[in-house]
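The structure appears below as structure tokens.
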Amino acid sequence: MDVKIKSPVAVPCDFAFAWALRPGALKRLLPPWVKTDFLFDPPTPCNKTQVGLKVYVGPFFFKWILRHENFKLNQEFSDKQIKGPFKRYLHIHRFTPINSQSCILSDEIEFDSIFL
């Protein structure tokens, strides 16, 4: 299954990309209604760094380990599942300039569920 979302933002690509690299960016992006703990402090995204999450679903939880890949400064990076709830999961974050003052943020998520 694939999910694609594109959002125009009124900031330059380098500014939007830098925001994604700031400490705490992932914590700020997680929805507050999904209880999530970090297994270890999330690093700044770059090739081969990992994020470890403990995601709660009711009284249950699962551990989710993702690796950052395909890091291209001010352009894109990816999160690939190493261990978790999917057969396959890849989330590509793209930053495409519209002009010098705005860009398109694209999120492309490809995954295969273990249940379907």
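Every number in this text was worked out from the coordinates using simple rules, so none of it is lab data. Treat the numbers as computed from the prediction; the structure is a model and nothing was measured. Using ideal geometry, Cβ is built from the backbone for each residue, glycine included, and neighbour counts are taken over all protein chains shown.
Per residue, the average separation of C-alpha pairs within less than 8 Å and at least 6 apart gives the chain a relative contact order of 29 percent.
Computed over the chain, the per-residue total of -39500 (n - 2.57) for DSSP H runs of n ≥ 4 gives a 222 nm mean residue ellipticity of -3000 deg cm²/dmol, rounded to 500. Annotation for the range 1-108: chymotrypsin sites (Phe, Trp or Tyr not before Pro) lying in DSSP loop with at most 14 further Cβ atoms inside 10 Å of their Cβ are Trp33, Phe40.
Structure remark: mean-square fluctuation, Gaussian network model of the chain, C-alpha springs under 10 Å; the largest value among Val55, Val11, Val34 belongs to Val34. Annotation note: trypsin sites (Lys or Arg not before Pro) in the range 5-92 located in DSSP loop regions with a Cβ neighbour count of at most 16 within 10 Å are Lys35, Lys48. Report the calculated FRET efficiency for Val57 and Leu21 (r = Cβ-Cβ distance, R0 = 25 Å), to the nearest 0.05. The formula returns an efficiency of 0.30 here.
In summary, the aspartates and glutamates within cross-link reach of Lys48, defined as a Cα separation below 12 angstrom excluding same-chain residues under 8 places away, comprise Glu69, Asp79. Panel order for Leu39, Leu26, by other beta carbons found within 10 Å of each beta carbon, from fewest to most: Leu39, Leu26. Note that the chain shows a convex hull volume over its alpha carbon atoms of 105 Å³ per residue.
Scanning the chain for cysteines with no neighbouring cysteine C-beta under 4.7 angstrom from their C-beta gives Cys46.
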